[in-house]
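The values are calculated or read from the model by the stated rules, or taken from the named source; none is laboratory data. Note that the structure is a prediction, hence the values are computed from the model and not measured. Here the Cβ positions follow ideal geometry from the backbone for every residue, glycine too, while neighbour counts run over all protein chains shown.
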Amino acid sequence: MTEKTESEERLARPLIRLAKLVGVGTDYVGQSDDYHQIDDDVLVAILKALGIDASNDVAIDESIREILDARHERLVPPTILHNLGEDS
């Protein structure tokens, strides 16, 4: 049986990390139960369409840094607060 998850080596790659940071899938299991990894050029094109530069290693590192910095600048992630009960 073939492993249907990404290897640790692939997961450690900056392009894969960047894609996962923004919610882009990097692999899938097809209809016939075949495992597929999304090619790098496809990931770069998808990230570009999302406005994220992944054109080279330096751009990928900078994009990761910008995303993480933006996340750390918030006190909390976007949140909806709903109070139940009587108005005071």
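Brief remarks on what is shown
- Contact map, the stretch 16-42: residues that are in contact (Cβ under 8 Å) with a residue 40 or more places away in the chain and under 29 Å from Arg71 (Cβ atoms) paired with residues that are of a type outside the set (A, V, I, L, M) and surrounded by 12 or more Cβ atoms within 10 Å (Cβ to Cβ), Cβ distance under 8 Å, separation 6+ or inter-chain. Pairs shown: Leu18/Ser63.
Quick grid of which residues meet (1) within 11 Å of the chain's Cα centre (by Cα); (2) surrounded by 12 or more Cβ atoms within 10 Å (Cβ to Cβ):
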| position | (1), (2) |
| --- | --- |
| Glu8 | no, no |
| Leu15 | yes, yes |
| Leu18 | yes, yes |
| Gly23 | yes, no |
| Thr26 | yes, yes |
| Gln37 | no, yes |
| Val44 | no, yes |
| Gly51 | no, no |
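- The helices (runs of 4 or more DSSP H) located wholly in the stretch 1-69 that include 3 or more residues which are at pLDDT 95 or above occupy 14-21, 40-49.
- Test: residue in the stretch 33-42 that is out of contact with any Ser or Thr (no Cβ under 9 Å at 6 or more places or on another chain) and of a type in the set (Ser, Thr, Tyr): no
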